[in-house]
Each structure stands twice: as C-alpha cells, then as structure tokens.
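Enquirer: One structure, as structure tokens, below. Some questions next.
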Amino acid sequence: MLLVLKSSRGGRKVLGFNRKMQEKIFFFSIGILATLTFIPLFHIIITVLLKGLPVILEKGSKFITGTLSEGGIGPAIVGSFVLTFLSALLGVPIAFLVGVYVYENPRSTLGRWVKTLLQIMIEFPTILVGVFVMRAIVVPMGTYSAFAGALALAIILTPYVAIYTHEALREIPQTYREAGFSLGLTRAKVIFRVLVPMAKRGILTGILIGMAKAAGETAPLLFTAGGLYESYPSSITEPIGAIPLLIYQLVQSPNPADHATAWGASLVLLAIFLGIFIPIRLSLKEVKL
C-alpha cells in the first residue's frame, strides 16, 4: 500500500511538472509570435525614417512649405488635411447614426442587411469606390475636385466608424440601459446621454481608424482628386493633391530625386498619422463598468 501511495504521489508530481512546463512553453510561444507580428511594423517605420529623414533635413522647411517644383510637398500636405477633414465631416455623422441604428435594431430585416452591407464595404475594393464617384460627381462636373475626393474617402471610412460604434455600444451591459429607462428617460436620451458617453472610447477609436484609412488611400483619389502640387488648394470644386497620391506618382518616375522626395513624403505622412492617432488614443480614459 505504501509503495502504491508513493508511486501515486510521484506520478502526480511528474504530471504537475509537465503541466507547468507545457504552460511555460505555451506562453513563451505566444510571446514569440506576438513579437513577430510587430517586426513588419517596426521595419516599415525604421526604413521610412532612415530614408526619409535625410531628405527632409537636406531641404529644410522648404520641403514642408514649398511646391513640388521647389522640391517641397506643401500643397500635398494641405490637400491631405483638407480631404481627411471633409471626408470626416461627410462620413462620420452618417456612419455614427448607422452604427446606432444597427445596435438598436439587431433583429430587424433592415438592421441585419445594413450590418451585412457594412461588413462587405470593409472588404470592398476602394478603387471601385473611386470609379463610382468619378462617374457620379467628376464626369457631371467636368473636373476633378476636392469634394469628389472627400466623398470617395467618406464612403471608405463609413463602415469602420459604423461597425466600431455598433460594437462599442454592444459592450455596455444591458443593466445601464434598463436603469436609464427606469429613471423615465426616453430611448434617445438613454442612447445619447447614457450609452454613447460610456462607449466613447470604442467609438472614437473607430473614427480614428476610419480617418487613418481615408488619409492613407490612393486608389480612389486617382479618379477623383486629380492632384495639385504647384499651388495650394483654394476651392473644394477644384483639383487637389494628397500625400499618398503624390507618393504614388513620384515612385513611378525614373528620376532618383523624385524617389527621394517620395521617401520624405512617406515620413511626413507617417509622422502626421502617429502624431494624431497616438496622443488621442492614449488620452481616452477607459470607462470602468
């Protein structure tokens, strides 16, 4: 009996040791895989920094403020800000309301169809959005324009904002919704005064991701914006430039100087994105439920 008991205890010790080893191997493997996923991102950032920074330092402030013939990308920078702002102005309010509607009507036929359409739009080729807007806006107007480019980008950012809004609202426990109704609040007040403030972190994250997606798009702008790099934009009904569109055009040139300008423009685009996204994302305080 004693020998059996001893062997039983020994077996338990071996099993416990094996389990601990398996857990350590598992967590170590997960850590390695997580690290590997960040390597491409760091590689892109370091490469753009090493190739773009010398160009900006060499040309100085003229690179940021000058026109393309002066060796700068000033009109493209302003154009990117204008297009991103206009696209957010056009798309975010609609996308937010669509996300709220899908959250409020998950079982209705229209709600299910809208959610499916939003998921399709995320994977939809953006170049086709540019072709659609070109046919609907550019051809009737007879010219490329900032409005056409912003409309195409607004269509692209809409599903991101709507889906993030829907998912952020779903994370709020139903008890808060019921508590709002018990206080006599209307359905609209419960949504916009109780649920939305609690879900603002997820909603704003969706807005930032949608705007980042719009700011980095090139394909739809080929058919809508046209490009303007020798003067600053003065009207939303005229052609406009953008940093991604300029990069695309410069890399097709056989001139090494154009390639260097493209690397500098890439660094500016990366700095704008990180400079806006990271501080806002970190400043958002998570709501404790």
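Enquirer: Go through Leu15, Leu83 for me and flag whichever is modelled with pLDDT of 90 or more, of a type in the set (A, V, I, L, M) and either surrounded by 10 or more Cβ atoms within 10 Å (Cβ to Cβ) or farther than 28 Å from Gly149 by Cα (or both).
Expert: Leu83
Enquirer: Based on this model, can you work out whether Tyr164 counts as touching a residue at least 12 places away in the same chain (Cβ under 8 Å), among the hydroxyl-bearing types (Ser, Thr, Tyr) and surrounded by fewer than 17 Cβ atoms within 10 Å (Cβ to Cβ)?
Expert: So Tyr164 fails the test.
Enquirer: Could you list, in sequence order, all residues of region 156-191 that are of a type in the set (Gly, Ala, Ser) and assigned to a helix (DSSP H, G or I)?
Expert: Ala162, Ala168, Ala179, Gly180, Ser182, Ala188
Enquirer: Let me ask another. Against the definition (within 23 Å of Glu238 (Cβ to Cβ) and over 24 Å from the mean Cα position of the chain (by Cα)), how does Gly130 come out, yes or no?
Expert: For Gly130, the condition - within 23 Å of Glu238 (Cβ to Cβ) and over 24 Å from the mean Cα position of the chain (by Cα) - is not met.
Enquirer: Could you tell me whether region 101-117 includes any residue that is out of contact with any Asp or Glu (no Cβ under 7 Å at 6 or more places or on another chain), charged (D, E, K, R) and exposed (fewer than 12 other Cβ atoms within 10 Å of the Cβ)?
Expert: Yes: one or more hits.
Enquirer: Do we find a residue being modelled with pLDDT of 85 or more, more than 21 Å from Val114 (Cα to Cα) and out of contact with any helix residue (DSSP H, G or I) (no Cβ under 6 Å at 6 or more places or on another chain) anywhere in region 161-170?
Expert: no
Enquirer: May I pose another question? Considering only region 52-75, state which residues are under 18 Å from Gln249 (Cβ atoms) and charged (D, E, K, R).
Expert: Glu70
One line per residue, one yes/no per condition, for (1) closer than 28 Å to Leu204 by Cα; (2) open to solvent by 30 Å² or more (accessible area, probe 1.4 Å); (3) β-branched (Val, Ile, Thr):
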position	(1), (2), (3)
Ile32	no, yes, yes
Thr35	yes, yes, yes
Leu50	no, yes, no
Ser87	yes, no, no
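Enquirer: Just one of the numbered conditions (1) part of a helix (DSSP H, G or I); (2) surrounded by 12 or more Cβ atoms within 10 Å (Cβ to Cβ) is not true of Gly72; which one?
Expert: Of the numbered conditions (1) part of a helix (DSSP H, G or I); (2) surrounded by 12 or more Cβ atoms within 10 Å (Cβ to Cβ), the odd one out for Gly72 is (1).
Enquirer: Which residue pairs have Cβ atoms under 8 Å apart, sit 6 or more places apart or on different chains, and have a first residue in region 102-128 that is assigned to a helix (DSSP H, G or I) and a second that is of a type in the set (Lys, Arg)?
Expert: Listed by first residue and then by second, the contacts come to Val102/Lys115; Tyr103/Arg170; Glu104/Arg187.
Enquirer: Might you let me know whether region 90-100 holds any residue that is outside any loop (DSSP other than H, G, I, E, B), surrounded by 14 or more Cβ atoms within 10 Å (Cβ to Cβ), without any contact (Cβ under 8 Å) to a residue 60 or more places away in the chain and out of contact with any strand residue (DSSP E or B) (no Cβ under 8 Å at 6 or more places or on another chain)?
Expert: no
The values are calculated or read from the model by the stated rules, or taken from the named source; none is laboratory data. These figures come from a predicted structure and were not determined experimentally. Backbone-built Cβ (ideal geometry, glycine too); neighbour counts: all protein chains shown. We work out accessible area using only protein heavy atoms, side chains counted, and drop any ligands, DNA or RNA first. Shrake-Rupley method; radii C 1.70, N 1.55, O 1.52, S 1.80 Å.
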